[in-house]
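These notes concern the structure reproduced below.
What follows draws every value from the coordinates through simple rules; no lab data is involved. Note that this is a predicted model, so its numbers are computed, not measured. Here the Cβ positions follow ideal geometry from the backbone for every residue, glycine too, while neighbour counts run over all protein chains shown.
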Amino acid sequence: MSKRVDVAAIAATVQEFYHTDNKERRKQLDEELCLFKNKYSCDDTITACILLMGHRYPANVQYFGAVSLYETIRHRYEECVSNVNLMEVLKSFLIESLTSSAHVQMQSITNKLSSALAMLSLYCMPDVWPDPVATLTTIWAAQPELLLRVLAEIAAEFSNIHMPLTQRSKLKTELHKTSEDIIRIIFTVMRAEEASPSTRQAAVECVEQWVKLPGAGLHQWTPVLSVVFGAVSEDSAALTNLLNILAANDELTSIDQLVYDICQYITTVVAQIIATELAEDVQSDEVVSLVSAVCTIAEASVPTLLRHAKTSPTLLCDLCSLFASICSCDGAYPVDEMISDLPAPFFMSLREHLGAAATGSKQDALCNVARAVSSYYADVCRTAIDKMSFPPSERFDEYDKIEREQFLRIECIVFLWETVADYLSEADYTEICENLQLCARFSSISEGIDADRLANTTMRNLHALSHLIQEHDDAVELEGHVIRLVLPYVARKAVSKEALRTLEKFVSERSVGVMAVGEEISQVCYSFFMDETNGQSLRLEALKCIGYILSMKTSSDVMTILNNVMAPHLKTLNTDGSLFTDEALEEKKFQINIFACLFASLNSKEGATAHGQESPTLIIFRQVFPVFQRIVEIPGAPTALGDKVCDAVRSAISNLPLESLPEALPLVSKLLRTTLFTNPSSACALAKSAVLIFGHYAPTGPPLCSAIGEWLECFAQNMPSPAIEEWLSLVYQIMKKNYKTLRVNGEASLSGISNAILIAGQTLAESREPNVVRLASQVLAVIATQTVSYGDEAPRNILASHGPALVNTIFARIQVELLRPTVEYLAEVLFFFVKEFSAETRSGEFAEFQTDDASIEYGISEGQSFLTELSVVLIFVLCDSQNVAQKRVTRVSLESAIDERGITLKN
């Protein structure tokens with residue numbers, strides 16, 4: 001018995017673990033048993049494991065010993081292999097134990113010992129144990145099943161080994177050399193008439209594991225696969241597994257004959273298996289898995305099948321016939337659906353390959369193939385119509401929420417048209433028009449649940465066809481026809497949502513056909529909007545449709561019509577009564593959304609307003625802005641209200657004509673001076689849009705620069721702030737995308753840049769939020785980069801004035817754990833100072849760095865490069881930091897930054 005390990009005590013602990021009902025005690029015992037595997041020396045642990053597997057102990061103790069032995073070999077292999085005596089003891093024990101006890105002990109123990117022997121052989125190849133396969137073949141020549149199971153484990157355990165990459169590569173090469181021996185063994189076993197079913201199964205499992213080995217040459221295994229397929233023809237699970245393994249092998253599609261043989265096997269042997277199992281139980285897990293595997297390998301085989309089909313499409317047609325029959329299996333989608341949708345990827349892949357060939361030089365060769373398989377596609381479509389058509393309302397009501405959502409997502413008529421729409425062209429307009437004629441027959445659908453569902457389906461169908469209708473030569477007539485079909489359903493409560501969605505899709509184009517029925521659209525949508533029993537979101541959709549129609553009229557006509565809509569809401573919005581009750585708050589939010597909706601839809605499609613007329617968007621914006629400004633200035637106003645105001649103003653400036661921007665900018669700037677502090681998230685989104693829109697129009701450039709300077713000055717004066725993340729995001733966009741616009745304004749932009757540096761620097765020094773620190777470092781990095789890119793002397797001097805404080809802050813910051821991008825941005829800033837201020841660094845201006853613990857001074861001698869000192873600083877971080885990941889990131893950042901710039905560190 002081991003001198004250091006009390007084996008009896010370990011055995012008792014194992015038995016108690018399995019028998020106790022006390023959860024806390026079981027947890028304690030588990031910790032003790034886990035500790036056993038690493039607590040003792042490798043020799044003592046292995047000795048104890050061997051003793052635990054003695055026949056004196058019960059099976060659960062023996063199994064624990066086997067598991068512990070396997071894990072010891074796996075995790076402490078260097079100790080095992082370096083001790084020759086220990087390795088020989090292990091090898092002898094494992095071989096002897098398997099030889100003598102494999103047929104009598106528990107299968108789980110045998111499996112774990114097989115894995116342990118396989119793991120040991122992998123770690124010993126090729127130096128310590130040159131050819132374990134030959135050794136084991138000699139020993140177990142009379143026990144082929146045991147031999148095959150251990151050989152299978154050798155391949156399976158390769159993915160579990162831990163060793164250096166070069167050693168792993170060498171081992172993989174040795175295993176590939178061994179493949180020929182494995183194939184010969186399998187051939188011998190499979191051809192032996194006296195081989196038992198379990199031995200043949202072991203041979204199949206061995207093939208599966210060795211084919212899965214990384215880099216395994218599938219061409220080597222092709223001869224033995226035909227024998228293996230014959231062996232698994234009556235084992236559905238084994239067949240499924242083998243097909244999945246082959247489908248995952250990258251070499252499969254490069255071996256045409258193998259693909260052809262497998263597909264031939266599928267259409268004959270496997271097809272019969274599937275038919276038999278479907279007749280017994282269409283919902284069994286085994287048949288679902290088998291069909292899935294067959295479909296996967298068939299999908300991967302499509303290119304090869306098409307190459308063969310040029311001369312004879314028989315095999316491809318046989319596969320299509322098999323899959324079409326699978327698609328027709330009984331069951332409505334999605335309640336009874338199990339396997340009939342599995343062939344879909346195959347049919348889609350085949351369609352895509354045929355479609356691609358139809359546009360190339362192979363068109364004639366594959367034309368006959370397309371005709372040959374087209375009938376199977378028609379069969380699948382007919383089946384889909386039966387499966388995915390609406391069931392009676394009584395059956396539909398039985399669906400749960402998820403089943404309903406799944407069904408509506410793939411409702412038959414809409415799904416088919418949406419799927420085929422991308423492949424239709426002018427040549428298919430006859431069929432499209434027939435579809436529209438069919439829809440026209442539904443123009444007076446009766447009331448009721450089933451009728452409402454039919455109406456919604458019709459609306460979705462028209463929506464799916466919209467782009468094809470709009471491009472038709474007779475689009476004017478067709479659009480009018482469709483819109484008149486849709487309009488009656490707008491007021492129908494159960495259909496309003498889909499009807500308005502479809503109507504908006506057509507009306508947003510503002511085409512000639514749409515405008516011909518514009519008055520009818522406006523009247524229906526106006527009535528819907530004014531009906532307060534309708535949902536607010538749908539009322540806004542109706543108003544948007546009105547806006548699209550009005551956008552094609554003159555400004556005076558627009559305002560005459562809209563005054564009736566806007567006046568009552570503008571008046572209510574401008575009152576204080578019950579401002580903060582929930583009901584009043586929702587009403588005011590809706591009223592603000594009304595104006596946002598008008599801003600989005602009244603913009604002219606051509607992007608210009610008729611000469612001499614003011615934009616309706618500007619007129620409305622001018623009227624409503626004082627109300628918006630008043631709302632955001634109310635003390636204690638709900639955040640949600642201010643957010644809605646910002647969103648509405650953002651919609652307005654996005655749709656204003658260029659000539660209106662100078663008037664709008666002062667108003668927007670005034671609003672932002674308040675909302676950047678009261679509603680930072682939505683206000684920063686508005687500010688980002690404002691910077692892009694006003695910054696690209698020359699007349700608004702100077703006032704925008706002044707506004708930005710005011711924002712940044714206010715930010716700097718109100719630091720620290722809980723809104724810093726949103727502010728920094730805005731500052732970053734300004735410096736990244738609008739730096740050139742700022743600098744066009746010369747000296748006026750410098751205060752803004754200086755404040756941006758102050759804000760980022762202070763945040764970097766004080767914040768403990770990782771994302772905020774990242775944004776701050778990003779702002780500093782982009783300013784440094786822009787300064788260098790534009791050769792900008794004034795901002796360069798501003799950075800110089802902040803240099804000592806920034807470098808001190810960065811040095812202190814990189815000593816703690818940071819996100820990798822943050823480290824890279826900070827390295828970017830440090831290298832900016834290295835390259836741009838070599839004279840200052842030589843004089844020692846940036847040579848003192850403050851940390852939390854002490855002041856560390858690096859004296860810089862005359863003529864010595866600051867880059868040398870910077871490397872010392874970063875190396876100090878690498879050596880001093882307790883965080884291993886931080887050391888690695890800092891080192892990588894330093895090396896990559898040096899490499900990118902072609903800089904050589906001085907010794």
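Structural remarks
- Rh by Kirkwood over Cα pairs, then Stokes-Einstein D for segment 232-388 at 1.002 mPa s and 20 °C, µm²/s: 134
- Using only alpha-carbon positions in segment 730-843, the gyration tensor eigenvalues give semi-axes of 22, 17, 12 Å once each is multiplied by 5 and square-rooted (largest first).
- Highest-first arrangement of 450-458, 549-557, where packing means the average Cβ count within 10 Å: 450-458, 549-557
- Diffusion of segment 672-754 by Stokes-Einstein, at 4 °C in a medium of 1.567 mPa s and with Rh set to the Kirkwood radius over alpha-carbon pairs, works out to 103 µm²/s.
- Hydrodynamic radius (Kirkwood) for segment 40-173, which is based on Cα pairs only, to one decimal in Å: 14.9
- With the largest listed first and rounded to whole Å, the semi-axes of the equivalent ellipsoid of segment 412-472 from the Cα gyration tensor are 23, 12, 8.
- Convex hull of Cα atoms in segment 187-277, direction-averaged projection (nm²): 5.9
- Environment charge at Val14 (Cβ cut-off 13 Å; Lys +1, Arg +1, Asp -1, Glu -1): -2
- Cβ crowding within 10 Å, taken as a proxy for footprinting-reagent exposure, orders Thr253, Thr188, Thr110, Thr763 from fewest neighbours to most as Thr188, Thr253, Thr110, Thr763.
- The residues packed around Gln629, meaning those with a beta-carbon under 13 Å from its beta-carbon, carry a net charge of +3 if Lys and Arg are +1 and Asp and Glu are -1.
- Here the sum of -39500 (n - 2.57) over DSSP H runs of 4 or more residues, divided by the residues of the chain, equals -23500 deg cm²/dmol at 222 nm, to the nearest 500.
- Most positive-pole-ward Cα, Gln406, Ile326, Ser226, against dipole of the chain from beta carbon charges: Gln406
- Segment 555-690 pair-distance distribution - Cα-Cα, 10 Å bins, rounded %: 12, 45, 33, 10, 1
- Look at the dipole of the chain built from charges on Cβ: of Val829, Gly547, Pro795, the Cα furthest out on the positive end belongs to Pro795.
- Segment 61-111 and segment 369-420 have Cα centres lying 57 Å from one another.
- Dipole of segment 406-481 computed with +1 at Lys/Arg Cβ and -1 at Asp/Glu Cβ about the Cα centre; of Ala475, Ser425, Leu454, farthest Cα towards the positive end is Leu454.
- Shown here for segment 314-354: chymotrypsin sites (Phe, Trp or Tyr not before Pro) in loop regions (DSSP other than H, G, I, E, B) with at most 12 other Cβ atoms within 10 Å, of which there are none.
- Using distinct alpha-carbon pairs, which all enter the 1/r mean, Kirkwood radius of segment 401-550 in Å: 15.8
- Order by protection proxy (mean Cβ within 10 Å, highest first), peptides 429-438, 466-475, 491-500: 491-500, 466-475, 429-438
- Rg to Rh, two decimals, where the chain supplies the alpha carbon set and Rh follows Kirkwood: 1.06
- As a rough guide to protection, the peptides 212-222, 46-56 ranked by mean Cβ packing within 10 Å, highest first, stand as 46-56, 212-222.
- In a reduced charge model with +1 at each Lys and Arg Cβ and -1 at each Asp and Glu Cβ, segment 555-690 shows a dipole moment near 260 debye about its Cα centre.
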